[in-house]
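Comments concern the structure below.
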Amino acid sequence: MCGIVSLIYKKENPDMGKEAEALLKRLEYRGYDSTGASFIDDNKHISLFKKVGAPSKVCPALGIGLQAGQRFIGQVRWATYGAVTDINSQPHHVHCKVEMVGAHNGNISNTDSLKTWLTARGHAVISDNDGEIIVHLVEEHYAENAKISSGDLASMRQAYAASGFHEGVPDGVLRMVDAIRKADALAEGSYAAAVAHPQLPGVFAIKSGSSLYAGLGSDSHGDFIVVSSDLTSVLSKTRALIPLSEGEGLWFTEDSYLVFTLHGPTAFSRPRLKRSKLSVKDTQLDPHCKFYMEQEILSSPANMDQILRYYFRDPQDEMATAIFEERKDECKECADALAHLSEKFGDELLRSDMEAVFASPSWADVRSRISATGKLPKASNSYVSDEAELLAELGKLSPAWSQDLQLMDMVFVWRKRRAVLRYVSELKSTIMETNNSGGRIYFIAAGTSYHAALTAAYFFNGIAHIPIYPCNPGIFRSMYISCLRSDDFILGITQSGETKDLVDIFQDVKEQMPGIRRACLVNNENSRIPQELSDFYLPLLCGPEIAVAATKSFMNQLVILYLVAAGLVMPEKDVREKVCEAKKLMQDTMETSLGNIETVAARLYQRPSIHILGTDLLGVAKEGALKIREVVLNHTEGYDTAEFKHGPNTILGRNTVFSLSDMEKLLDGYKALANKSANLAQSSARETLKNNPELIESLYQGYPLIFICPPDERDTRITISQIHTHKIRGADIILIAERRQDLALAVEGRPMGDDDYWSKYVEIPHSGDPYIFVFGATIMLQYLAYRMSVRKMEWLNELGVLDHGVHPDVPKNVSKSITVD
């Protein structure tokens with residue numbers, strides 16, 4: 001996934017380059033194969049700067065921060081179509097028939113056929129990149145539209161007038177809107193794009209299957225509109241968002257905008273601005289942390305407070321909740337009226353409308369009833385609901401209403417909790433009905449979310465005794481989709497709600513078997529899977545996740561899947577206590593075990609291959625392995641403990657899996673031999689190794705196995721057996737488990753004759769519960785991957801290895817989208 005961004009002011013801004021550099025760096029997590037920036041000045045001249053590399057390197061190298069401009073379009077690339085070269089970098093500046101510049105994010109799957117089609121029409125397509133195809137398509141159709149007279153634009157003007165607009169719009173803008181619609185009709189795939197014609201005012205943006213956000217604001221250089229694939233880059237400039245839906249385009253200048261449809265009849269709109277529920281501080285790095293991955297791992301216990309707030313009734317709020325329920329119509333009326341202020345701007349307007357809400361008879365009734373119980377909240381400017389940012393802004397405008405704003409915060413929490421509890425109940429009843437009718441329950445997810453599905457199956461099997469079929473989209477399509485029955489149930493698990501292969505599965509099931517119930521667990525509640533393809537959904541509530549490797553979203557997935565499984569057989573009060581226990585275990589684990597994890601990280605970060613073996617915890621083992629592969633770039637596999645002996649154990653003992661650190665050792669050995677023999681330099685490398693077997697012998701070392709053993713007698717016996725089986729064949733052992741003497745003896749006992757054996761016992765504080773243990777073990781594996789990544793990155797940087805791609809936040813070849821608002 002790449003990222004695009006565009007910014008426009010009324011006049012040429014001498015600091016546009018600084019703005020561009022800051023925005024591009026915010027997109028670095030989305031793509032770092034190449035970076036590009038195009039600027040259009042007041043003279044309508046296009047300047048283009050692009051090069052292979054991440055924004056943090058390319059921007060200083062090309063002097064992007066020094067540029068001026070009135071309009072800016074930029075892109076960071078995560079390569080899919082076309083090799084990582086300067087020519088394939090974006091934006092693309094074309095001038096075959098009409099001069100244009102543009103960039104895209106996403107994939108155009110029919111790029112090859114479109115390239116042939118464009119070439120036949122006189123276009124010089126110089127790159128292999130699908131982004132250039134989009135720009136040429138728009139150019140082609142705009143050039144054709146430029147041939148028609150103003151009178152021939154009657155249908156476009158009629159559509160404009162039918163949408164309720166009467167003010168003039170330049171002919172060129174209508175021609176461009178039509179050109180974009182025709183280009184989009186030819187392009188197959190999912191993408192977002194921004195294009196500009198230097199002779200036309202403004203910039204045009206396209207939202208066709210990929211995320212795109214827009215916002216209007218003002219700063220020291222005047223009014224501006226910013227558009228980006230990434231919400232956080234928009235929030236860094238403004239919280240006033242222009243609502244954009246899938247299948248819409250946007251024409252924007254510095255202070256005006258026009259939304260138009262991409263498909264079907266042409267229609268225009270100018271939706272009201274709306275405040276984001278997030279602010280840029282929600283995506284900022286805590287000064288106590290060096291990387292987002294660290295921050296997001298450490299925040300996981302605190303994130304569980306949101307789950308406790310919305311997934312359980314709060315005994316301390318029982319009286320207030322009863323009043324809200326009794327006066328639910330009045331509460332909803334007042335909450336809707338106050339939430340509607342997110343679409344209004346101007347201090348006086350906000351203040352007067354807020355006072356009108358609090359002066360209403362409905363609010364007076366609710367307030368008086370709460371006051372009579374003695375539960376009226378204290379005045380404060382700290383809020384916890386989804387509308388916290390709006391409430392805080394209103395509190396600063398009118399401190400006298402702080403107590404009412406606090407009470408409204410409680411109403412917002414009650415209203416969302418009410419919906420979440422209803423959907424939790426619906427999910428539990430659907431699972432029970434499906435199981436009782438003999439139907440199958442499929443949990444479908446990709447990547448990290450798939451590992452959450454695997455772990456969920458462990459929860460449901462052990463706690464609720466209900467079978468779950470965890471699948472990634474490929475497994476489901478190849479093994480189950482043709483076997484679906486009407487009484488089956490599908491739960492999708494996704495952070496973004498936009499994962500293409502999961503969207504395709506939901507779409508196919510919806511079309512082929514519309515009677516099958518579908519639900520999802522999702523972080524981005526406004527995305528396609530929950531809003532268009534599911535009967536209902538449950539929110540993850542983990543907030544924005546910046547680091548590419550998912551950590552806190554995985555943890556929230558586990559918590560919610562656990563509470564649903566436990567809620568099928570336990571009272572809500574007991575489930576809540578268990579979730580609190582899981583939270584405390586994570587905190588205690590981080591306080592007591594980080595030293596041991598640091599020791600393990602120092603031992604393993606240079607090791608080229610590792611296996612993580614989970615006894616009954618396949619999902620946890622696979623996720624731990626994925627985290628190390630993602631951010632350390634060391635080969636790591638997750639297996640069931642007992643399964644490892646069926647083939648993968650051949651890697652133990654002597655093998656040919658060597659690393660860069662082994663190369664250092666080999667060179668040191670060679671130098672020592674060279675000092676003794678002047679003729680060594682005359683021998684080939686193979687002859688040297690053959691004649692000096694000690695060089696290779698020095699490279700052999702114990703193969704690292706990380707065992708995860710929950711507190712269960714059977715699992716303990718299996719783990720002990722497998723530790724003994726593998727350590728005598730050349731394995732070094734790391735064990736993540738609660739403290740047990742028999743486990744400690746198995747881990748620490750040195751095999752006879754193996755003086756190089758190494759082991760470490762990473763203790764998880766006692767819980768005695770194999771399902772709660774999952775949370776302590778998971779956060780340890782996440783932190784281990786993080787520390788290994790930092791150590792390896794620093795080592796490679798010190799060696800001067802270029803483009804090694806090791807980074808805890810933005811490792812090479814992987815990408816993600818933040819789509820939370």
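The values are calculated or read from the model by the stated rules, or taken from the named source; none is laboratory data. As the structure is a computational prediction, the values presented were derived from the model and not from experiment. Using ideal geometry, Cβ is built from the backbone for each residue, glycine included, and neighbour counts are taken over all protein chains shown. All accessible areas refer to the heavy atoms of the entire protein, side chains included, with ligands and DNA or RNA removed. Shrake-Rupley method; radii C 1.70, N 1.55, O 1.52, S 1.80 Å.
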Can you tell me which residues in segment 116-157 are surrounded by fewer than 19 Cβ atoms within 10 Å (Cβ to Cβ), closer than 20 Å to Ala83 by Cβ and among the charged types (D, E, K, R)? Asp128
Meets criteria (open to solvent by less than 70 Å² (accessible area, probe 1.4 Å) and either farther than 30 Å from Cys580 by Cα or over 40 Å from the mean Cα position of the chain (by Cα) (or both)) for Ile736: no
Checking Lys207, Lys237 in turn, the sole residue that is under 19 Å from Gly69 (Cβ atoms), out of contact with any Pro (no Cβ under 9 Å at 6 or more places or on another chain) and touching a residue at least 40 places away in the same chain (Cβ under 8 Å) turns out to be Lys237
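In segment 373-391, which residue that is in a helix (DSSP H, G or I) and either touching a His at 6+ places or on another chain (Cβ under 9 Å) or open to solvent by 20 Å² or more (accessible area, probe 1.4 Å) (or both) is nearest to Arg275 (Cα to Cα)?
The first filter runs over segment 373-391 and keeps only residues in a helix (DSSP H, G or I), leaving 388-391.
Within this subset, residues satisfying the condition of being either touching a His at 6+ places or on another chain (Cβ under 9 Å) or open to solvent by 20 Å² or more (accessible area, probe 1.4 Å) (or both) are 388-389.
On the way: Ala388: 11, Glu389: 9 Å.
That would be Glu389.
Which one is surrounded by the most Cβ atoms within 10 Å (Cβ to Cβ), of the residues in segment 793-813 that are among the charged types (D, E, K, R) and within 19 Å of the chain's Cα centre (by Cα)? Walk me through it before giving the result.
Residues of segment 793-813 that are among the charged types (D, E, K, R), as a first pass: 794, 798, 803, 809, 812.
This time we only want the ones that are within 19 Å of the chain's Cα centre (by Cα), so: 809, 812.
Values: Asp809: 21, Lys812: 17.
In this case the residue turns out to be Asp809.
Condition check ((1) assigned to a helix (DSSP H, G or I); (2) at negative phi; (3) touching a Ser or Thr at 6+ places or on another chain (Cβ under 7 Å); (4) surrounded by fewer than 20 Cβ atoms within 10 Å (Cβ to Cβ)) across all residues:
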site	(1), (2), (3), (4)
Glu294	yes, yes, no, no
Ile297	yes, yes, yes, no
Asp305	yes, yes, no, yes
Leu338	yes, yes, no, no
Leu349	yes, yes, no, yes
Ser352	yes, yes, no, yes
Ser371	yes, yes, no, yes
Please state which one of Arg417, Arg367 is of a type in the set (Lys, Arg), surrounded by 16 or more Cβ atoms within 10 Å (Cβ to Cβ) and under 30 Å from Met570 (Cα atoms). Arg417
Determine if segment 751-762 includes at least one residue that is over 26 Å from Gln606 (Cβ atoms) and either under 35 Å from the mean Cα position of the chain (by Cα) or not in a loop (DSSP other than H, G, I, E, B) (or both). no
Report whether or not Leu212 is at pLDDT below 95, out of contact with any Asp or Glu (no Cβ under 7 Å at 6 or more places or on another chain) and surrounded by 14 or more Cβ atoms within 10 Å (Cβ to Cβ). yes
Could you please let me know if Lys182 is open to solvent by 40 Å² or more (accessible area, probe 1.4 Å), modelled with pLDDT of 95 or more and farther than 13 Å from Gly102 by Cβ? yes
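Taking segment 588-598, which residues are surrounded by fewer than 18 Cβ atoms within 10 Å (Cβ to Cβ) and polar (S, T, N, Q)? Explain how you work it out, then say what you get.
Quick first cut of segment 588-598, residues surrounded by fewer than 18 Cβ atoms within 10 Å (Cβ to Cβ) only: 588, 591-592, 594-596, 598.
Correct list: Thr592, Asn596.
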Could you identify the single residue in Leu660, Leu626, Leu618 that is more than 27 Å from Trp795 (Cα to Cα) and either under 34 Å from the mean Cα position of the chain (by Cα) or of a type in the set (Phe, Trp, Tyr) (or both)? Leu618
Of all residues making up segment 555-584, the number that are open to solvent by 10 Å² or more (accessible area, probe 1.4 Å) and within 25 Å of Leu784 (Cα to Cα): 4
When residues of segment 222-241 are limited to those that are of a type in the set (A, V, I, L, M, F, W, C), out of contact with any helix residue (DSSP H, G or I) (no Cβ under 8 Å at 6 or more places or on another chain) and assigned to a strand (DSSP E or B), the one surrounded by the fewest Cβ atoms within 10 Å (Cβ to Cβ): Ala240
Within segment 525-581, work out how many residues are without any contact (Cβ under 8 Å) to a residue 60 or more places away in the chain, in contact with a helix residue (DSSP H, G or I) (Cβ under 9 Å, 6 or more places away or on another chain) and more than 18 Å from Ile431 (Cα to Cα). 7
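Please report, ordered by residue number, the helices (runs of 4 or more DSSP H) entirely within segment 613-696 with at least 1 residues that are touching a strand residue (DSSP E or B) at 6+ places or on another chain (Cβ under 8 Å) and open to solvent by less than 80 Å² (accessible area, probe 1.4 Å).
Values: elements: 618-632, 660-676, 685-691.
Those helices (runs of 4 or more DSSP H) span 618-632.
Taking segment 420-476 as the search range and keeping residues that are in a loop (DSSP other than H, G, I, E, B) and of a type in the set (A, V, I, L, M, F, W, C), which one is nearest to Ala550 (Cα to Cα)?
Of all residues in segment 420-476, those in a loop (DSSP other than H, G, I, E, B) come to 437-440, 446-447, 465-468, 472.
From the residues that got through so far, the ones that are of a type in the set (A, V, I, L, M, F, W, C) too are 446, 466, 468.
On the way: Ala446: 12, Ile466: 28, Ile468: 23 Å.
It comes out as Ala446.
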Within segment 97-114, does at least one residue satisfy the condition of being surrounded by fewer than 21 Cβ atoms within 10 Å (Cβ to Cβ), in contact with a strand residue (DSSP E or B) (Cβ under 9 Å, 6 or more places away or on another chain) and farther than 23 Å from Gly209 by Cα? yes
Take the residues in segment 697-725 that are in a helix (DSSP H, G or I) and either polar (S, T, N, Q) or within 19 Å of Arg654 (Cα to Cα) (or both); name whichever of them is modelled with the lowest pLDDT. Glu697
Conditions (1) closer than 24 Å to Gln306 by Cα; (2) of a type in the set (Gly, Ala, Ser); (3) touching a residue at least 60 places away in the same chain (Cβ under 8 Å); (4) exposed (fewer than 15 other Cβ atoms within 10 Å of the Cβ) -> Ala453 fails only (4)
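Kindly check whether there is at least one residue in segment 709-727 that is open to solvent by 30 Å² or more (accessible area, probe 1.4 Å) and over 18 Å from Asp640 (Cα atoms). Reasoning before the result, please.
Initially, segment 709-727 is screened for residues open to solvent by 30 Å² or more (accessible area, probe 1.4 Å), giving 711-714, 717-718, 720-721, 724-725.
This time we only want the ones that are over 18 Å from Asp640 (Cα atoms), so: none.
Scanning segment 709-727 turns up no residue that is open to solvent by 30 Å² or more (accessible area, probe 1.4 Å) and over 18 Å from Asp640 (Cα atoms).
Suppose the filter is surrounded by fewer than 24 Cβ atoms within 10 Å (Cβ to Cβ) and in contact with a Phe, Trp or Tyr (Cβ under 6 Å, 6 or more places away or on another chain); does Leu66 pass it? It would help to see each step written out before you state the result.
On the way: surrounded by fewer than 24 Cβ atoms within 10 Å (Cβ to Cβ): yes; in contact with a Phe, Trp or Tyr (Cβ under 6 Å, 6 or more places away or on another chain): no.
No, not satisfied.
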Contact list please: Cβ distance under 6 Å, first residue in segment 165-183 and closer than 30 Å to Asn110 by Cα, second residue open to solvent by 10 Å² or more (accessible area, probe 1.4 Å) and outside any helix (DSSP H, G or I), pairs at least six apart or on different chains. Gly172/Leu200; Val173/Trp251
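Can you confirm whether segment 464-476 contains a residue that is of a type in the set (Gly, Ala, Ser) and either buried (at least 22 other Cβ atoms within 10 Å of the Cβ) or free of Cβ contacts under 8 Å to residues at least 24 places away in the same chain (or both)? So that I can check it myself, show each step before the final result.
First, the residues of segment 464-476 that are of a type in the set (Gly, Ala, Ser): 464, 474.
Now restrict to residues that are either buried (at least 22 other Cβ atoms within 10 Å of the Cβ) or free of Cβ contacts under 8 Å to residues at least 24 places away in the same chain (or both): none.
Scanning segment 464-476 turns up no residue that is of a type in the set (Gly, Ala, Ser) and either buried (at least 22 other Cβ atoms within 10 Å of the Cβ) or free of Cβ contacts under 8 Å to residues at least 24 places away in the same chain (or both).
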What are the residues in segment 158-179 that are surrounded by fewer than 16 Cβ atoms within 10 Å (Cβ to Cβ) and more than 17 Å from Tyr257 (Cα to Cα), if any? Gln158, Ala162
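Only one of these is closer than 28 Å to Gly106 by Cα and open to solvent by 50 Å² or more (accessible area, probe 1.4 Å): Arg275, Arg270, Arg313. Name it.
Values: Arg275 fails: open to solvent by 50 Å² or more (accessible area, probe 1.4 Å); Arg313 fails: closer than 28 Å to Gly106 by Cα.
Unique residue meeting the criteria: Arg270.
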Do the conditions hold for Val790, that is, is it open to solvent by less than 10 Å² (accessible area, probe 1.4 Å) and over 20 Å from Asp712 (Cα atoms)? yes
